[in-house]
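**Q** The structure that follows is given in the form of structure tokens.
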There are 2 protein chains.
Amino acid sequence: MSSKSEALAPVPERVERDLLDLARIRDPESGGWTRTVFSEPYRASREWVRSRMIDAGLDVHPDGAGNLVGVLHGRNPAAPALVTGSHTDTVESGGRFDGIVGVLGALELVRQFAEHDIRLERDLLVIDFLGEESNEFGLSCLGSRALAGELTAAHLDRRDYRGDRLGDRYTAFGLDPSGVLAASGWTAARPLHRYVELHVEQGPLLEERGVSIGVVTAITGIERMLATFAGRPDHAGTMPMGDRRDALVAAAEAVLAVRREGCGAPTHGVATTSRLSSEPGSPNVVPGTVRMHAEMRSVDSDWLSSAMRRLTEEIRLKAAGYGVEVEVEWSRDNERVPANPAVHDAISGAADTLGIAWEPVPSGATHDAVHMARLCPMGMIFVPSKAGRSHCPEEWSELDHIRTGIQVLGATIMELDRTHD
Amino acid sequence: MSSKSEALAPVPERVERDLLDLARIRDPESGGWTRTVFSEPYRASREWVRSRMIDAGLDVHPDGAGNLVGVLHGRNPAAPALVTGSHTDTVESGGRFDGIVGVLGALELVRQFAEHDIRLERDLLVIDFLGEESNEFGLSCLGSRALAGELTAAHLDRRDYRGDRLGDRYTAFGLDPSGVLAASGWTAARPLHRYVELHVEQGPLLEERGVSIGVVTAITGIERMLATFAGRPDHAGTMPMGDRRDALVAAAEAVLAVRREGCGAPTHGVATTSRLSSEPGSPNVVPGTVRMHAEMRSVDSDWLSSAMRRLTEEIRLKAAGYGVEVEVEWSRDNERVPANPAVHDAISGAADTLGIAWEPVPSGATHDAVHMARLCPMGMIFVPSKAGRSHCPEEWSELDHIRTGIQVLGATIMELDRTHD
């Protein structure tokens with residue numbers, strides 16, 4: 001670690017001003033800080049991000065997939081480039097830090113490099129990825145997915161609940177769908193060296209342990225479940241309790257079973273039922289059909305697959321006890337993606353040199369890093385989230401922690417700049 | 001009991017033809033046999049009912065509330081009149097018997113009286129009540145409620161989910177809302193003697209006990225619950241299980257508590273959760289808010305009120321264990337209405353004389369009889385429902401049981417014709 005990296009002194013007030021300025025660009029009709037992909041506030045915010053990139057001295061190239069790519073030119077343009085970044089879109093009624101810290105933190109780092117006369121050997125690409133949050137088409141990480149060549153024509157044909165096509169949303173946003181699908185071309189022509197993403201933890205572990213830096217070990221696998229319960233719609237006033245086949249009672253047992261399975265996870269594992277919908281819903285009819293959406297996540301793939309089996313079996317068994325049939329369908333949303341060990345060690349080594357306490361942590365959320373890991377070795381740096389809150393207006397990270405995160409990001413980038421495959 | 005009543009021989013084929021003819025008048029866009037109040041099929045069906053009333057020799061007076069009142073003139077027009085009838089509207093995707101058997105059965109009885117030269121002392125009113133089934137305005141028994149003077153201007157101001165006013169639906173159906181509110185006038189001017197309603201059981205008790213006649217003891221009280229669970233919407237991937245305040249898990253416990261309370265009822269009691277809705281519903285967010293609609297019914301008012309107290313307490317306690325706050329609101333949909341003992345005995349006496357086995361049964365569903373009980377002593381006759389199914393296309397009652405029901409109705413009417421207050 002060079003003494004130069006220790007000299008980096010990110011200016012919290014500058015980052016704070018950027019955070020506040022960006023937070024102002026939001027949907028006034030929605031709660032919290034709402035800036036969903038393809039919305040007008042999002043369009044406006046990216047003009048702002050683009051101009052802040054230029055202010056920081058980056059050479060900005062919007063790519064065909066809607067990503068904003070800011071290039072800090074290194075001494076050797078032929079060397080595979082370093083990449084950092086994150087996203088600036090939010091969920092509905094979201095917060096001011098998720099994703100945003102990774103983009104605005106990278107901009108402060110670029111300013112630091114300039115102020116301390118640090119010039120990297122490699123180009124450093126700062127990317128604001130298009131639409132990382134899951135959208136109404138059931139798809140997350142639009143921009144990084146496209147870069148990794150994982151966005152397909154079938155994805156563009158997906159329709160939202162209004163019947164609108166995803167491809168048409170791209171077009172309305174000013175992006176040619178064929179250009180979106182071809183966007184991975186530039187990453188093929190321009191080899192990438194390492195990807196490091198700074199992000200808020202979105203969970204309470206770092207705060208609980210009193211450390212300001214988390215070094216991500218792996219990004220969670222996500223398995224989603226749709227369980228369809230088929231009972232019998234009977235008159236709620238006249239059908240005796242013992243003769244019923246109540247789909248909602250069977251589903252309630254399943255909700256509790258999902259929770260128990262999550263609570264029993266040996267390391268990081270969570271299980272959540274996010275939605276139940278029952279039919280017919282009339283106040284005087286026993287629910288005959290229930291659809292239940294749930295998910296399980298873990299960085300332990302073995303536990304995840306055994307938990308899925310156990311849960312499916314328990315849901316079936318409990319439902320059968322109520323005379324209810326159930327179909328349980330699983331779909332893999334994300335396979336577990338481990339951080340690259342060398343990148344992990346570069347991050348933790350940088351923290352050690354700077355005298356900053358760190359903890360290895362799993363990532364329970366998915367990130368653009370999942371897709372960037374297809375292109376080059378990947379690592380992630382977490383900073384604490386107050387009370388672990390995220391995807392809500394109360395989402396908060398202390399500026400002091402963000403400053404520390406930028407310091408570690410800078411030292412890591414400088415270290416990786418010197419490594420060669 | 002006169003030998004005349006024993007001579008009544010309702011013709012099943014005639015009733016069957018009427019059932020089939022009426023069933024044909026339905027909404028072709030909906031499942032089962034759908035003829036909801038105010039719909040075009042309902043309008044057409046009531047023209048058919050009206051003409052069948054005239055064919056049977058009744059003098060038909062549609063009243064201001066949309067009820068079809070067919071009068072069989074007795075020898076003494078000044079004597080308080082006997083009333084029978086039911087309704088011919090259905091729930092969405094409903095059946096061919098609920099309500100309909102009471103109207104078409106009464107028409108067969110009127111034809112029997114003519115064929116056997118039986119002339120009553122009193123007028124007999126056969127009423128097809130408007131819209132008995134609960135509608136999208138959350139109101140049931142429109143016609144009988146109006147007759148009893150229990151339909152209010154506030155009811156007419158209710159709006160459905162589209163924002164349409166109930167009063168405007170009456171107007172579009174050709175009924176003047178002020179006339180609807182004034183319809184109870186004719187019952188004040190024209191005293192009623194007794195009300196007897198023939199209906200399908202809609203539950204399995206009679207079939208299970210192998211008897212063809214149920215004599216209703218009481219019509220159930222109905223208490224409806226709305227429980228609102230306030231937890232905290234957290235990121236489903238990053239918030240550890242132990243730190244969550246999951247509103248849906250608390251609601252699932254409540255669904256099971258509702259069921260347990262229903263199962264523990266000493267006599268007739270049922271408890272049903274009909275609907276859950278959770279927010280925000282995103283696949284990666286822990287549900288922060290859940291609204292739960294449930295109801296409890298019993299003909300035992302003491303049990304009902306104690307069960308409500310126990311259930312409220314248990315739901316609160318369980319929710320608190322998950323860090324979830326819950327507001328439980330109860331509203332009384334129907335107070336328990338007992339059958340008049342003398343009318344009950346007239347029905348059971350008629351069955352005994354005819355040599356027909358009967359059982360006293362509670363009514364777990366509400367009926368027009370609830371409101372008619374405000375106007376005069378009331379009783380109800382049930383015939384078995386196959387497997388207890390109702391409010392669904394599979395709803396079925398055997399013609400032979402319907403024939404027996406008409407016989408008992410006829411003998412009861414003849415007996416009550418002779419009673420004086």
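**Q** Filter segment B:329-348 for residues that are in contact with a strand residue (DSSP E or B) (Cβ under 7 Å, 6 or more places away or on another chain) and open to solvent by 20 Å² or more (accessible area, probe 1.4 Å) and give the result.
**A** Scanning segment B:329-348 gives B:Glu329, B:Trp330, B:Ser331, B:Arg332, B:Asp333, B:Glu335, B:Arg336, B:Val337, B:Pro338, B:Asn340, B:His344.
**Q** Residue under question is B:Ala183, and the condition is that it be more than 10 Å from every other protein chain (Cβ to nearest Cβ), at pLDDT below 95 and either crowded, with 21+ Cβ neighbours inside 10 Å or under 23 Å from the mean Cα position of the chain (by Cα) (or both); does it hold?
**A** It is true that B:Ala183 is more than 10 Å from every other protein chain (Cβ to nearest Cβ), at pLDDT below 95 and either crowded, with 21+ Cβ neighbours inside 10 Å or under 23 Å from the mean Cα position of the chain (by Cα) (or both).
**Q** Looking at segment A:223-234 only, could you name the residues that are more than 10 Å from chain B (Cβ to nearest Cβ), assigned to a strand (DSSP E or B) and either without any contact (Cβ under 8 Å) to a residue 24 or more places away in the chain or of a type outside the set (A, V, I, L, M) (or both)?
**A** A:Glu223, A:Thr228, A:Phe229
**Q** Within segment A:2-69, considering only helices (runs of 4 or more DSSP H) that don't extend past its boundaries, which have at least 3 residues that are in contact with a Leu (Cβ under 8 Å, 6 or more places away or on another chain) and at negative phi?
**A** Filter on segment A:2-69 gives A:12-23, A:40-55.
**Q** For segment A:141-161, state whether one or more residues are in contact (Cβ under 8 Å) with a residue 24 or more places away in the chain, within 14 Å of another protein chain (Cβ to nearest Cβ), assigned to a loop (DSSP other than H, G, I, E, B) and open to solvent by 30 Å² or more (accessible area, probe 1.4 Å).
**A** yes
**Q** Can you tell me which residue within segment A:186-208, out of those that are in a loop (DSSP other than H, G, I, E, B) and charged (D, E, K, R), is farthest from the other protein chains (Cβ to nearest Cβ)?
**A** Here the residue is A:Arg190.
**Q** Moving on to the next point. Name every residue in segment A:291-310 that is within 14 Å of chain B (Cβ to nearest Cβ) and part of a helix (DSSP H, G or I), in order of residue number.
**A** A:Trp303, A:Leu304, A:Ala307
**Q** Next up: Identify, please: which residue in segment A:273-290 is within 22 Å of B:Pro393 (Cα to Cα) and either small (Gly, Ala, Ser) or surrounded by fewer than 22 Cβ atoms within 10 Å (Cβ to Cβ) (or both) and is, among those, farthest from the other protein chains (Cβ to nearest Cβ)?
**A** Across segment A:273-290, the extreme among qualifying residues is A:Thr289.
**Q** Something else: So for segment B:9-20 (the condition being farther than 30 Å from B:Ser348 by Cβ, open to solvent by 30 Å² or more (accessible area, probe 1.4 Å) and either outside the structural domain of B:Gly349 (by TED's automatic domain parsing) or not aromatic (Phe, Trp, Tyr) (or both)), does at least one residue qualify?
**A** Looking through segment B:9-20, at least one residue is farther than 30 Å from B:Ser348 by Cβ, open to solvent by 30 Å² or more (accessible area, probe 1.4 Å) and either outside the structural domain of B:Gly349 (by TED's automatic domain parsing) or not aromatic (Phe, Trp, Tyr) (or both).
**Q** Another question, then. Of the residues B:Gly102, B:Gly85, B:Gly167, B:Gly94, which is more than 28 Å from B:Leu416 (Cα to Cα), at pLDDT 95 or above, among the small types (Gly, Ala, Ser) and open to solvent by less than 10 Å² (accessible area, probe 1.4 Å)?
**A** Of B:Gly102, B:Gly85, B:Gly167, B:Gly94, the one residue that is more than 28 Å from B:Leu416 (Cα to Cα), at pLDDT 95 or above, among the small types (Gly, Ala, Ser) and open to solvent by less than 10 Å² (accessible area, probe 1.4 Å) is B:Gly167.
**Q** Would you check which residues across segment A:209-222 are open to solvent by less than 10 Å² (accessible area, probe 1.4 Å) and within 14 Å of chain B (Cβ to nearest Cβ) and list them?
**A** Hits for segment A:209-222 are A:Gly214, A:Val216, A:Ala218, A:Ile219, A:Thr220, A:Gly221, A:Ile222.
Matching residues to (1) under 21 Å from A:Ser140 (Cα atoms); (2) surrounded by 23 or more Cβ atoms within 10 Å (Cβ to Cβ); (3) not assigned by TED's automatic domain parsing to the domain that holds A:Pro204:
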| site | (1), (2), (3) |
| --- | --- |
| A:Ala350 | no, yes, no |
| A:Pro360 | no, no, no |
| A:Asp368 | yes, yes, no |
| A:Phe382 | yes, yes, no |
| A:Ala387 | no, no, no |
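**Q** Got at least one residue in segment A:407-414 being open to solvent by 50 Å² or more (accessible area, probe 1.4 Å) and either within 20 Å of A:Val126 (Cβ to Cβ) or away from every other protein chain (no Cβ under 14 Å) (or both)?
**A** Scanning segment A:407-414 turns up no residue that is open to solvent by 50 Å² or more (accessible area, probe 1.4 Å) and either within 20 Å of A:Val126 (Cβ to Cβ) or away from every other protein chain (no Cβ under 14 Å) (or both).
**Q** In addition: Within segment B:153-193, track down each residue that is within 18 Å of B:Glu136 (Cα to Cα) and among the aromatic types (Phe, Trp, Tyr).
**A** B:Tyr161, B:Tyr170, B:Phe173 - these are the residues of segment B:153-193 that are within 18 Å of B:Glu136 (Cα to Cα) and among the aromatic types (Phe, Trp, Tyr).
**Q** Could you list all residues from segment A:235-262 that are out of contact with any Ser or Thr (no Cβ under 7 Å at 6 or more places or on another chain), open to solvent by less than 10 Å² (accessible area, probe 1.4 Å) and more than 7 Å from every other protein chain (Cβ to nearest Cβ)?
**A** Result: A:Ala250, A:Ala251, A:Ala254, A:Ala257.
**Q** Looking only at helices (runs of 4 or more DSSP H) that lie completely in segment B:321-421, which have at least 2 residues being in contact (Cβ under 8 Å) with a residue 12 or more places away in the chain and among the acidic types (Asp, Glu)?
**A** By residue number, B:399-418.
The values are calculated or read from the model by the stated rules, or taken from the named source; none is laboratory data. Given the structure is predicted, the values throughout are model-derived calculations rather than measurements. Here Cβ is always computed from backbone atoms with ideal geometry, including for glycine, and neighbour counts include all displayed protein chains. When the accessible area is computed, the model is the full protein with side chains, heavy atoms only, and any ligands, DNA or RNA have been set aside. Shrake-Rupley method; radii C 1.70, N 1.55, O 1.52, S 1.80 Å.
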